[in-house]
1. R0 = 41 Å: FRET efficiency of residue 454 with residue 271, Cβ-based, nearest 0.05?
2. Mind checking which of 198, 250, 178 is farthest towards the positive end of the chain's charge dipole, using Cβ charges of +1 (Lys, Arg) and -1 (Asp, Glu) about the Cα centre?
3. When the Karplus curve 6.51 cos²θ - 1.76 cosθ + 1.60 is applied with θ = phi - 60°, which whole-Hz ³J(HN,Hα) does each residue of region 384-399 get, with x for Gly and Pro?
4. Taking the Cα centre of the chain as the origin, how large is its charge dipole in debye, to the nearest 20, when only Lys and Arg (+1) and Asp and Glu (-1) carry charge on their Cβ atoms?
5. Of 293, 152, 136, which is farthest along the charge dipole of the chain in the positive direction, counting Lys and Arg as +1 and Asp and Glu as -1 at C-beta?
6. Which of 565, 601, 305 comes first, and how do the rest follow, when ranked by fewest Cβ neighbours within 10 Å?
7. Rank-order 90-97, 485-492, 7-14 by packing density, defined as the average count of other C-beta atoms within 10 Å over each peptide's residues, highest first.
8. Taking 0.36 nm per intervening residue step and subtracting the Cα-Cα distance, what contour gain separates residue 672 from residue 67 on full extension?
Amino acid sequence: MIIDGAIGRHIAELRERAGLKQNELAKKLAWSAAVLSRVESGERTLSEDELGMILSSIGTPEATKARELLGRSWIILPEPQLSDPDVDLLWDAEQTAQQIHALAESPDVKQFFERRLVRYEGELASAAKRVMDRRFRAVFAGTIAVGKSTAICRVEGLEIPTQKGMPKAVLETGAGGITICEVHIRKGPGYGLMIDPCAEEEIRQYVLDFANFLMNSPQNASGGEQDESDAASPGISREVERALRNMTGLRRKRGERKPNGAVIPAVDAARELAKTMPDSKSLCVELLARMELHKRDRRDIWYSDTSGKAPLEWLQDTFEAVNNGRHGEFTVPKRIELALPTTVLREESLEITLVDTQGIDDVAGRADLEQHFDDPHSVVILCSVFNEAPSTSVRHLLQRAKEGGVRTIDTNAALLVLPRPGEALAMKDNGYPAQNDAEGYELKNEEVVLKLSHMGLASLPVLFFNSADDAPDVLRSFLIDRIRHVQDVQREGLREIIRGAKMLLLNYEEEQSKGILVAASRRLSVWLANNSDLSKMASGHVEDSLLSAITIAHHRTIYATVVRDGSWHNLDYAHQLSHGARRMAAQLTEPKLAGFRSIADNLLEDEQFSDAHDLIRQTVRVLEDGFDSIVRKAQLVGQSIYSDELSKDSNFWEECAQQWGLGGGYRDRINTRNKNWFRAQGHNEADARVLQMIENNWNEAIASVSELLGDNSSDED
Ligand SMILES: Nc1nc2c(ncn2[C@@H]2O[C@H](COP(=O)(O)OP(=O)(O)OP(=O)(O)O)[C@@H](O)[C@H]2O)c(=O)[nH]1
Ligand SMILES: [Mg+2]
């Protein structure tokens, strides 16, 4: 076997840790130092014998261990790297999987065992894959201007010192509405930016909205609701409007008073241009022409020392230019990746990406934020201002995650409270002000825990972090601890499966424990038989989440989504329907899952069933997997109701669009139309489709559990 050059780095590490210089080891091997150097740099491959010689010449226990590791043959699981800290756990999983596989293949294995063996093999493979994956994301989400970008820059040292006050953050920060899209900070070959652009159609729609806004005077541009912020354009966030203005060169100039008293009035170049245009379509064409999108086709840019700037300064300038549409070669970004040559959070054993998100300006339930709750390798850091902690949008996101059946909130979410100087000291204890920040945090923490416990989330980890004063290590340790905790839970999940699989291998030989299996199976089967029917329970409607989102959304947000036929990231019909469907699924099946778990827990606490513990745990996992897959499928059904039917109903969208400008009650008019659509003849089956899917899949999940129990519970021996 020829060993891949990638081993070279590992050899160099082992040699260095053994205190040997390259030439010393080369001498022991009777090789030239040049050959060893090529091996270590990965340029020269090795035979198995040569590798064995190198490792025994290094001679440390670590090198002996590496030799042992290299002797292992991985058949079922992918081979982990030698330096993988979980290499022994994974090997245990591999060996167990090999035994399980061999037994499942043997001709005289009983069917009941075979089903469980096949299941174990699949469980081992997927849990091992999860443990092996070291790519984690820490996603910062929260209201605009809460300080997400500032905190990320603090923790990662992406700061440029200033003469006084806070250092300047590399990611642009400001008074809110700054970060234009999701920004991923990760390790790369150097300092650089890569962008995923917005689709042309999306940009065209932004420009059209902007043009419509410019053609109408601010007074006419409202949905009839009185609001002091009506001077803003609907459909485009502040971040995007700023980028469009910069790309078209149509800026606003503030009014000015000269020292001689003369007043120069404010000028909005975009409005001036609009005055010369016959209608918004022509204006839209003119704006698009000015943007010169064909020239904005660059997708990445890298630092070179010829720029004459220090790397962080260059990164800051370039990021700001791209984030504001001021860089002539870049278009409106949908996602920016910011590469650093250094290891993120200085954690060599992990590949961490820090994700900065666009601040929540209105509806918190956005697909781009909520998708992260479903990723087992993401920790969602919910950011809140101090005084409102946990803020409404954070509570809203947590509430929706709970009702959507996310089972990993406790492990994969955390609350980050971002106090500004002085806020903690303003806290009072029995009327007396806090003596110091720590005491202020403690007092606030009591309030936070109380609010979280009302939501059933009292154990959610909380950190108070003042980006201006606190050491970055505090936040770094918190983030690493969160990730480590997720890893521990994933490892424990794998261990549980290995233990169970080993027990099954043992039980297979020891038929005498069968009586216990029969008794345990019977109890579980009786419960399943009594709980398979979901149909009698109320579950709400698929449109419920959409209706409540519209109730709380700003009328401009609603207008913007309606003119985009419901497809807009700030208030997305498809996403709200997905969530509505998912909520129905969780509402129907979660209590059942909890019921099954409590029966299982009773049996697990009972020592007389100890021989059946692996069977009981395996059935719980099967039902949990079934539950997870039901909520995800429900989401897809919700999505398809939008994409297959609602999005195509042009009359509906036209009617909704016409509701703008008809005076007060805009939200109600839209929601009446939403309700009517779902209650109208022919659309009525939306709920039925979701319910049918839930029922079928729940029955399938129950059937999978029963199959594992089957032969035992019916076998009267
Ligand atoms: N004094 C002080 N100011 C802070 C602190 N954290 C953030 N700020 C300021 O608050 C403002 C908003 O911070 P950002 O980091 O831009 O907030 P954000 O959450 O990224 O905002 P968006 O990207 O617009 O959603 C900036 O002016 C920061 O300088 C802090 O701990 N202390
Ligand atoms: Mg920001």
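Each value in this text was obtained by applying a stated rule to the coordinates, not by laboratory testing. As the structure is a prediction and not an experimental result, all values here were calculated from the model. Here the Cβ positions follow ideal geometry from the backbone for every residue, glycine too, while neighbour counts run over all protein chains shown.
1. 0.25
2. Among 198, 250, 178, the one farthest towards the positive end of the dipole of the chain is 250.
3. 9, 5, 4, 5, 9, 4, x, 5, 4, 5, 5, 4, 5, 4, 5, 4
4. 2460 debye
5. 293
6. By the 10 Å Cβ count, ascending, the order reads 305, 601, 565.
7. For the peptides 90-97, 485-492, 7-14, the packing ranking is 90-97, 7-14, 485-492.
8. Computed gain between residue 672 and residue 67 is 210.7 nm.
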